[in-house]
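First the structure, in the form of structure tokens, and then the observations on it.
Read the figures in this text as sums done on the coordinates, not as results from a lab. In this text the structure is predicted, and so the values were computed from the model without any measurement. Cβ coordinates were reconstructed from backbone atoms using ideal geometry, including for glycine residues, and neighbour counts include every protein chain displayed.
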Amino acid sequence: MTRLMRPVALVLLLVSLTLPVAADQAKSWYEKGQDAEARQNYEQAYDDFKQAYDLKPKDLRYRSAFERLKFLAGASHVHRGKLLREAGKLEEALAEFRKAAEIDPSSFIAQQEIRQTQRMIEAAKAPAPRSEAAPPGMLERRLQEAQGPVELAPIANLPITLMVTNDTKQIYETVGQLAGINVLFDPEYTSRRIRIELNGVTLQDALQIIALESKTFWRPVTSNTIFVAADNQQKRKEVEQSVIRTFYPSNLGQPTEMQDVVNTLRQILDIQKVQALPAEGAIVVRGTPDQLALAEKVIDDLDKAKPEVIVDVAILQVNRDKAHTLGINPPTSATVALQNNINTTSSTTSTTTTTGASTSTTGTPNQVNLNRIGNLNATDFTVTIPQATASALFSDSDTKLIQNPQIRSVDGQKASLKIGERVPIATGSFQPGIGGVGINPLVNTQFQYLDVGVNIDITPKIHANDEVSMKISMDISSVTGTSSIGGIDQPIIGRKTIEHEIRLKDGEVSLLGGMLEDQQTRSVSGIPGLSQIPILKYLFSQTQTDHSENEIVFVLIPHIVREPDFDAASVKAIDVGTANSIQLRRITPLVAPTAAPAAPNQAPAAAPTTQNAAPAQAPQPAVSGGASFSFDPPSVTQANGSSFAVNILLSGAQNVYSVPLQVSYDPKLLQVANVSNGSFLSQDGQAVVLANRDDNTAGTLQITATRPPGVGGVTGQGAIVTLTFMAKAVGQGTLTISKGGARDPAMQAIPVMGAVASVTIQ
């Protein structure tokens with residue numbers, strides 16, 4: 001039994017020795033943390049409080065200090081990281097932000113700064129933009145590329161020149177042949193003549209410009225077909241596609257916020273079919289693909305987590321009272337009284353059977369018979385003089401009240417903090433009595449409760465440049481006394497109030513002082529006359545001095561915990577069409593390819609793919625033989641820097657309606673200056689649509705000359721077009737019609753032989 005008790009006793013002894021040691025260590029770490037916090041070294045204070053909390057996790061004092069410093073230490077690392085990032089030290093800044101996120105995992109600002117710094121580091125390492133996300137969906141591609149759900153196949157973005165005055169349908173078909181797409185028209189559309197002069201535009205832009213000039217609109221039907229109709233509201237409703245989508249915003253929690261988004265979609269994007277479902281947290285939208293793509297952008301721009309801020313409020317109230325009492329308080333009065341043994345004498349006679357008469361004497365204090373007045377002397381009186389008091393008293397009392405609460409608020413929302421008591425205040429209302437003469441009315445006393453103590457209301461507004469505007473109302477009140485009103489004791493409440501608006505940077509300290517009360521009281525008591533003599537006044541008077549000071553100082557320190565989240569897509573300006581029609585537009589840059597097109601679909605002018613078109617190389621059953629192209633002149637010799645003109649002639653062809661061809665030249669020697677219409681296709685006075693597209697990198701010039709629709713072809717020979725070149729360098733080269741032919745009014749191909757011309761630049 002003794003052997004069993006020894007280990008138990010040893011364990012108890014170790015526990016009894018360890019617990020006080022652990023408690024002392026926790027207290028020591030806690031005191032170190034308090035010192036570090038007083039020096040505003042929040043990182044060290046956090047580490048010290050964490051040590052104390054780990055030793056005694058059940059002590060609420062250590063836990064509250066640890067949790068409180070967690071935010072301040074994280075905010076300190078975030079602030080240091082921002083300074084490093086502004087100095088260009090991105091890696092060091094990222095390390096600070098990660099420390100902040102490790103200390104306080106709930107810090108949204110730390111997570112945001114980590115993502116932003118990582119993007120900056122990646123951008124510095126790889127300046128070229130890279131796709132980080134998964135491939136975008138259909139509507140996202142519409143937003144990025146301004147395309148509809150049905151997208152056209154890629155159209156070559158080489159520049160073309162188009163100068164024509166002709167029927168709208170003919171212009172659409174000509175551009176469609178150059179682009180390699182089919183053009184369908186609404187049966188109710190009535191064509192009209194317009195004038196188009198385009199120089200150096202892409203085919204995509206040409207279609208948009210023609211639609212704008214002719215007051216029409218088009219939409220893709222397939223990847224190589226568009227549908228053209230008159231531009232009016234009724235026709236758009238009939239022709240344009242309608243899609244539906246449900247959006248689930250993650251940050252719009254209030255019904256009023258969702259309704260604001262719905263109103264924005266209706267007013268800005270003219271979407272009439274939109275419904276908010278607050279119970280489901282959803283917004284259902286129906287509209288055109290362009291409207292849905294823009295609605296997605298607007299909702300994504302507005303569905304942002306609201307910024308948040310934590311405000312450290314330090315309230316310091318100091319009361320200081322000093323009292324001095326110095327001097328001798330002499331007697332200021334004397335009392336003179338008769339001796340108690342001075343009495344009046346009266347005789348009382350009583351008769352008895354044995355003794356006869358006897359006499360007794362009685363008296364009243366401070367009273368004397370008139371007969372005795374003449375016999376009074378100084379020994380018959382007493383004089384009473386109060387004692388004199390010498391006072392030398394000094395009292396000095398200080399009262400310090402420190403409150404350091406934290407207030408967290410969402411951007412634009414009021415946050416309130418109330419520390420104190422609720423004091424009842426009586427209010428009375430009179431009611432009629434029971435009835436009858438002489439009966440007073442009844443009084444029904446009611447009570448209202450007033451918050452007395454520290455009352456703080458803060459409404460923050462967080463700006464994008466790490467600044468915070470705050471509308472502040474601070475009220476410090478206390479019960480200073482009571483007053484009887486109508487027989488009821490009512491409290492007297494002293495108040496100190498501040499209401500103002502300030503703007504501070506993140507972490508900036510705002511000191512609000514000036515609320516100081518200084519009260520001085522001096523009173524003198526003593527013998528008149530003697531108390532005013534400079535030296536004797538200390539013997540015959542007493543001086544009492546009271547000095548009371550009451551000062552309140554407020555300190556406000558805002559810390560942003562969540563910033564406004566704006567990206568480049570949120571502030572990007574997007575062309576959304578006109579006031580009558582909402583549609584996305586894609587701006588395609590002019591890009592010259594590095595090599596000449598190798599496939600017919602890359603050279604649509606030579607092999608158009610309209611519904612009535614056929615390849616130029618296809619054999620035809622009934623064609624005129626011997627048709628050929630030629631250059632006039634067949635050889636050219638020019639000086640460097642000069643310009644010259646060359647005609648392209650067609651001979652031996654019959655019933656010619658359209659002539660598509662491709663001219664190859666040496667781009668090192670020559671530059672195309674102009675392409676003008678010849679006289680062959682317009683020999684009967686008809687207007688000719690002339691379109692061309694020049695690739696000055698590959699040295700290819702695609703040309704299409706077409707007569708108006710509904711008219712027949714022409715027969716004979718003549719100039720199709722006139723080409724003007726500019727000589728760029730000395731050398732020899734050729735002009736070659738590498739591809740080309742002719743077409744009749746039925747768009748059947750007419751084979752035509754090519755031609756070559758020599759060019760010498762001196």
| At R0 = 45 Å, FRET efficiency that the Cβ-Cβ distance of Ser758 and Lys125 yields, to 0.05 | 0.25
| note | FRET efficiency (Asp59, Val555; Cβ distance; R0 22 Å; to 0.05) is 0.20
| remark: Subtracting the Cα-Cα distance of Thr637 and Ser242 from 0.36 nm times their residue separation yields 136.1 nm
| Prolate/oblate/rounded label for the range 459-522 (Cα gyration tensor, a/c 1.5) | oblate
| message | Take the residue pairs Lys56/Lys505; Lys99/Lys125; Lys237/Lys304 and return only those whose Cα atoms are more than 27 Å apart. | response | Lys56/Lys505; Lys237/Lys304
| field | Descending Cα extents along the principal axes, the range 80-127, whole Å | value | 32, 17, 12
| task | Subtracting the Cα-Cα distance from 0.36 nm times the residue separation, let me have the gained length for Thr222 to Ile493 in nm, one decimal. | result | 89.5 nm
| Gain upon complete extension [Ser28, Lys572; 0.36 nm per residue less C-alpha separation] | 190.2 nm
| request: Return the distance in nm (one decimal) between the two label points of a simple spin-label model at Ala305 and Asn375, each offset 7 Å from Cα along Cα→Cβ. | output: 11.2 nm
| field | Proximal aspartates and glutamates relative to Lys668, as straight alpha-carbon distance under 14 Å, when same-chain residues fewer than 8 apart are discounted | value | Asp695
| field | Hits among aspartates and glutamates - C-alpha to C-alpha of Lys27 under 12 Å, sequence gap 8 or more where chains match | value | Asp48, Asp54, Asp59
| query | Which lysines, on any chain, are close to Lys235 with Cα under 19 Å apart, when same-chain ones fewer than 8 places away are left out? | reply | Lys169, Lys215, Lys273
| task | In nm, give the distance between the simple-model label positions of Thr482 and Arg98, each being 7 Å from the Cα along the Cα-to-Cβ direction. | result | 6.6 nm
